[in-house]
Every structure is written in structure tokens, then in C-alpha cells.
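Each remark here refers to the structure printed beneath this line.
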Amino acid sequence: SSSSSSSSSSSSPNAQKLLVKPQKALELIQSQKYAYVDVRTKHEFETVGHHKNSTCIPYFVSMGPPPEVNPDFIKEVEMKFPRKDCPLLIGCAAGGRSAKASATLCEAGYTNIADLEGGFKAWATEFGDMIETGCGC
């Protein structure tokens, strides 16, 4: 059987976003020192649980309806991770917000963005809440 070529469309020509499954995400954190940026709300972060060493920078300030994007999202990321080449793993609850946040970060000039496919739910299913190392930025 012939393999069909999958073309990846991106919203921005400079987007360097990778879509990674939990196992690959763990590899990025352990061997390439990616920092886990959790873009869920602070309430979700605190009540549902989160990865050790992750940083909570909410993409939405209100889940709505309709959801309201955090106007300071990029500014907050830049305060914590000023280097645009800092490797960041972006995760949310199930993958929707992290996809939007990752695209926004790429548009803002970040060049090492990995989007956690399936979000915290996929991670928690595979690893519990384990995270071993963060970014040294």
C-alpha cells in the first residue's frame, strides 16, 4: 500500500511548532530541557493538579462562554522565558488551548515550541503527574 503524504498546514510561515505525544514530551523535558508551560486556568492548575515544575500561564482569563483570551499572555511568557529560543512544551487540559497558545507563541517569535497532544489528560493517563526537569532559562 502506498503511504499518503501528510501535509502540515500552519497558521504562520515562521511557526516551528511540534505536536508531540506524552512519551515524546517526556523525552524533550528530560533530554532537551524543555520547560512545561501549563496554559490552563489557575483554578484548573490548582484543583485538577499539575506537573511538578510546570509554570501556569493561562491562555484564557475566562472560560466564558465565550472564552476570553488573556491579553497579557505573551507578556507573561516573556517575563518568565525572555529568550525566544527557549524550548517550551505547551499543555492544557485536552489539547485545544495549547494549540492556540503554541501558534500565538510562534507568531510572537518563539522558535522552540512543542504542543502536548491530548494535554494534561493524556499526560496524566500515561505518567500520573510526573515531570522531572524544567528549563534552565
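The values are calculated or read from the model by the stated rules, or taken from the named source; none is laboratory data. None of these values were measured; they are calculated from a predicted model. Using ideal geometry, Cβ is built from the backbone for each residue, glycine included, and neighbour counts are taken over all protein chains shown. For accessibility, only protein heavy atoms count, side chains too; no ligands or nucleic acids. Shrake-Rupley method; radii C 1.70, N 1.55, O 1.52, S 1.80 Å.
Before moving on, here are some points about what is shown:
- Filter pass, Glu46 being touching a strand residue (DSSP E or B) at 6+ places or on another chain (Cβ under 7 Å) and free of Cβ contacts under 8 Å to residues at least 12 places away in the same chain: no
- Condition check for Gly109: open to solvent by less than 60 Å² (accessible area, probe 1.4 Å), modelled with pLDDT of 90 or more, out of contact with any helix residue (DSSP H, G or I) (no Cβ under 6 Å at 6 or more places or on another chain) and farther than 19 Å from Gln32 by Cβ: yes
- Applying the set (1) over 26 Å from Thr47 (Cβ atoms); (2) touching a helix residue (DSSP H, G or I) at 6+ places or on another chain (Cβ under 8 Å) to Glu126 leaves exactly one unmet item: (1).
- Of all the listed residues (Lys75, Lys84, Lys33), the sole one being touching a residue at least 60 places away in the same chain (Cβ under 8 Å) and over 15 Å from Ala124 (Cα atoms) is Lys33.
- Check on Lys100, of a type in the set (Lys, Arg), under 18 Å from Ile29 (Cα atoms) and in contact (Cβ under 8 Å) with a residue 12 or more places away in the chain: no
- Condition check for Ile57 on (1) in contact with a Pro (Cβ under 8 Å, 6 or more places away or on another chain); (2) farther than 17 Å from Lys17 by Cα; (3) among the β-branched types (Val, Ile, Thr): one failure, at (1).
- Elements of type helices (runs of 4 or more DSSP H) in the range 43-137, at least 2 residues being of a type in the set (Lys, Arg): 73-80, 96-107
- From the options Leu88, Leu19, Leu116, residue that is open to solvent by 10 Å² or more (accessible area, probe 1.4 Å) and under 10 Å from the mean Cα position of the chain (by Cα): Leu19
- Test: Ala94 is of a type in the set (A, V, I, L, M), touching a residue at least 12 places away in the same chain (Cβ under 8 Å) and closer than 17 Å to Arg40 by Cβ: yes
- Arg40 vs. criteria open to solvent by 70 Å² or more (accessible area, probe 1.4 Å), part of a loop (DSSP other than H, G, I, E, B), among the basic types (Lys, Arg) and touching a residue at least 12 places away in the same chain (Cβ under 8 Å): no
- In the set Pro13, Pro65, Pro82, only one residue is open to solvent by 70 Å² or more (accessible area, probe 1.4 Å), of a type outside the set (A, V, I, L, M, F, W, C) and at pLDDT 95 or above; that residue is Pro82.
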